[in-house]
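Following: one structure in structure tokens, then a few remarks.
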């Protein structure tokens with residue numbers, strides 16, 4: 001084992017001289033922040049001495065297209081006869097082309113936070129040309145009524161860009177979309193035929209921009225690695241590969257990322273290798289390291305790690321024997337080379353959590369590889385990115401946080417965990433406070449009982465602003481069938497703890513789970529209504545259950561009462577499955593009503609409406625008591641303490657003063673308040689010990705407190721716990737987590 005690792009390190013050092021690597025994210029993912037895959041890989045390559053360049057072709061194409069010269073070129077290339085067949089909306093945009101060309105540069109600059117005073121012009125509503133997207137403004141006035149001028153202007157500017165996007169889709173390239181490109185071709189593509197046919201056609205206006213932007217990056221490059229996270233990136237990736245193959249035939253092309261990991265594990269169609277040379281699966285660090293060694297002639301082909309390649313006329317696959325890189329050794333993501341100051345912060349829809357996705361620049365990090373739960377029956381638990389759970393230390397996470405702040409100048413962090421572990425979140429929050437880091441962060445969680453009110457208060461103090469988690473179907477029967485490991489009551493309590501701490505909560509909501517009845521769908525909606533009514537949730541999103549090939553349901557559909565009916569595997573993608581649910585409701589019927597109700601609930605409306613109001617067909621009466629959620633969140637559970645519990649103080653350091661023979665005062669100056677907590681002199685020793693040890697946001701083990709109480713003849717735990725001074729301290733910042 002040691003000798004293999006030594007050989008690996010030696011081989012990579014020679015790679016530095018011979019291989020010049022370019023990491024690419026193809027169009028399109030997000031406008032506001034880079035997708036992190038290339039930054040993660042570049043960070044790893046740094047640790048093994050391999051230099052690499054990276055590019056986000058998505059944002060580069062957007063900035064090239066949405067510029068004065070880009071729009072001039074776009075409008076100019078539309079044939080005269082094409083104009084006559086445009087819809088009235090696109091015709092209006094074409095006739096207003098001068099207004100769009102004149103305003104595009106200042107609007108883009110505004111969305112990059114480089115031109116904030118333009119907000120006043122935009123909000124006058126006589127500055128931007130307006131087409132059909134602006135017709136929704138009257139409907140949204142109530143939702144955006146309290147927005148500040150900057151936010152309102154960014155929303156108007158977003159509508160302006162969406163109008164242009166509609167025009168581009170109709171008149172220029174039907175595959176265009178701000179966060180996806182030709183997604184319909186990549187989604188559920190069991191056969192490669194439609195993609196292959198499309199990529200044989202003449203390059204579109206957008207394709208040519210991809211080529212123009214890619215060409216200058218290819219100088220001196222020997223290996224291109226294309227990360228394809230979503231179906232909406234696949235066509236752009238293949239176009240890039242096609243261009244490189246035609247113009248730089250000696251360059252090796254590897255493709256990896258979320259799409260191949262989930263969709264291409266059973267690939268049989270060799271035509272994909274007309275556009276790439278290698279396809280890697282799962283974690284990319286070791287496959288990339290081995291690939292670079294192979295390209296240098298340092299290891300044989302059979303030592304490639306989880307890599308597909310063409311062997312004659314067929315596809316070969318090498319699983320490799322080398323171990324994966326430990327998650328603690330993959331390095332800090334490196335964003336060098338990405339235009340961090342040029343991403344666009346837009347406000348697309350009135351959904352608090354979705355706004356976080358599209359608004360602001362976030363450094364992406366991961367607390368733990370994989371999912372610590374990995375039991376949900378609808379999830380791809382058989383795949384490495386879920387199945388292999390490996391956390392890292394809070395100290396290492398904070399080291400990476402500090403490195404990224406220094407590198408990017410940004411203090412916002414999105415932890416992209418499948419489900420952030422509560423114990424690690426506790427340690428991370430303590431370490432953030434101990435280092436006095438001033439950051440803003442959010443992540444995805446399970447609604448674990450371990451998220452007590454105190455833990456949520458600690459997370460808030462460390463900079464956490466939001467969490468998202470899967471409530472799925474708000475039905476205990478179905479949650480048990482899913483193996484979610486939670487109940488609706490538990491979710492309500494945990495979400496309430498976050499909300500009470502000032503942390504926004506977003507719930508992923510599901511309908512159409514196998515065997516879900518009409519009654520359960522309506523009861524689930526009633527649960528959701530109450531969760532929003534009592535401000536337990538602030539954001540949510542419904543999605544229709546989809547059966548995948550790598551989930552327990554996909555493996556054994558009959559066990560869950562459904563039948564797989566397609567698609568027939570055509571040699572390319574194999575992930576999304578078609579199924580029939582003979583005992584369940586007609587799930588698609590409920591889609592519009594569920595989404596309409598949720599939209600209103602998120603904005604504090606419609607709580608008094610009968611659930612029937614949201615549907616144009618008859619639904620059953622809900623069987624959920626109208627006070628179910630209220631009872632759940634007002635039922636105070638007894639405080640649970642364990643040997644793993646810790647005491648943490650999140651306020652400023654108090655000052656102790658003895659004011660009389662048997663009296664004292666704790667003076668506490670916090671940011672927004674001044675507090676005085678009176679205590680008896682009998683408690684002075686334990687209070688001094690407590691705050692001496694909690695100084696600098698250190699923590700105290702619960703066992704250490706008990707030991708101190710016993711050894712130093714301090715008050716017993718019961719007496720201390722029931723004292724007024726203890727309760728006052730607990731209310732102002734003494735947490736047990």
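The values are calculated or read from the model by the stated rules, or taken from the named source; none is laboratory data. Bear in mind that the values here come from a model prediction, so they are computed numbers and not experimental data. FYI the Cβ positions are ideal-geometry reconstructions off the backbone, even for glycines, and counts take in every protein chain you see.
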Among the numbered criteria (1) closer than 30 Å to residue 631 by Cβ; (2) buried (at least 21 other Cβ atoms within 10 Å of the Cβ), which one does residue 554 miss?
(1)
Residue 675 being in contact with a strand residue (DSSP E or B) (Cβ under 7 Å, 6 or more places away or on another chain), within 22 Å of residue 494 (Cα to Cα) and touching a residue at least 12 places away in the same chain (Cβ under 8 Å)
no
Scan of the stretch 183-200 for residues that are in contact with a strand residue (DSSP E or B) (Cβ under 8 Å, 6 or more places away or on another chain) and part of a helix (DSSP H, G or I), ordered by number:
193
In the stretch 90-106, anything surrounded by fewer than 21 Cβ atoms within 10 Å (Cβ to Cβ) and over 15 Å from residue 121 (Cα atoms) is listed as 91, 92, 94, 95, 96, 97, 98, 101
Any residue at all in the stretch 439-460 that is out of contact with any strand residue (DSSP E or B) (no Cβ under 6 Å at 6 or more places or on another chain), assigned by TED's automatic domain parsing to the domain that holds residue 384 and closer than 20 Å to residue 386 by Cβ?
yes
Could you list, in sequence order, all residues of the stretch 469-485 that are farther than 16 Å from residue 506 by Cα and buried (at least 18 other Cβ atoms within 10 Å of the Cβ)?
475, 478, 479, 481, 482, 484
Options 538, 449; residue that is closer than 29 Å to residue 731 by Cβ and touching a residue at least 60 places away in the same chain (Cβ under 8 Å):
538
Every residue from the stretch 698-725 that is in contact with a helix residue (DSSP H, G or I) (Cβ under 9 Å, 6 or more places away or on another chain) and under 19 Å from residue 673 (Cβ atoms)
725
Tell me whether the stretch 405-428 contains one or more residues that are over 29 Å from residue 180 (Cα atoms), in contact with a strand residue (DSSP E or B) (Cβ under 7 Å, 6 or more places away or on another chain) and either at pLDDT 95 or above or in a loop (DSSP other than H, G, I, E, B) (or both).
yes
Could you tell me whether any residue of the stretch 265-275 is in contact with a helix residue (DSSP H, G or I) (Cβ under 7 Å, 6 or more places away or on another chain), in the same structural domain as residue 47 (by TED's automatic domain parsing) and modelled with pLDDT under 95?
no
Which condition number in (1) outside the structural domain of residue 493 (by TED's automatic domain parsing); (2) touching a residue at least 12 places away in the same chain (Cβ under 8 Å) is the one that residue 731 fails?
(2)
List pairs: first residue in the stretch 607-628 and assigned by TED's automatic domain parsing to the domain that holds residue 522, second residue surrounded by 17 or more Cβ atoms within 10 Å (Cβ to Cβ) and part of a loop (DSSP other than H, G, I, E, B) anywhere in the structure, Cβ distance under 7 angstrom, at least six positions apart or on different chains.
611/619; 611/622; 612/619
Extreme residue, modelled with the lowest pLDDT, among residues of the stretch 60-85 that are more than 24 Å from residue 127 (Cα to Cα) and surrounded by 17 or more Cβ atoms within 10 Å (Cβ to Cβ)
78
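If the requirement is being without any contact (Cβ under 8 Å) to a residue 60 or more places away in the chain, buried (at least 19 other Cβ atoms within 10 Å of the Cβ) and either out of contact with any strand residue (DSSP E or B) (no Cβ under 6 Å at 6 or more places or on another chain) or closer than 30 Å to residue 532 by Cα (or both), which of these qualifies: 314, 305?
305
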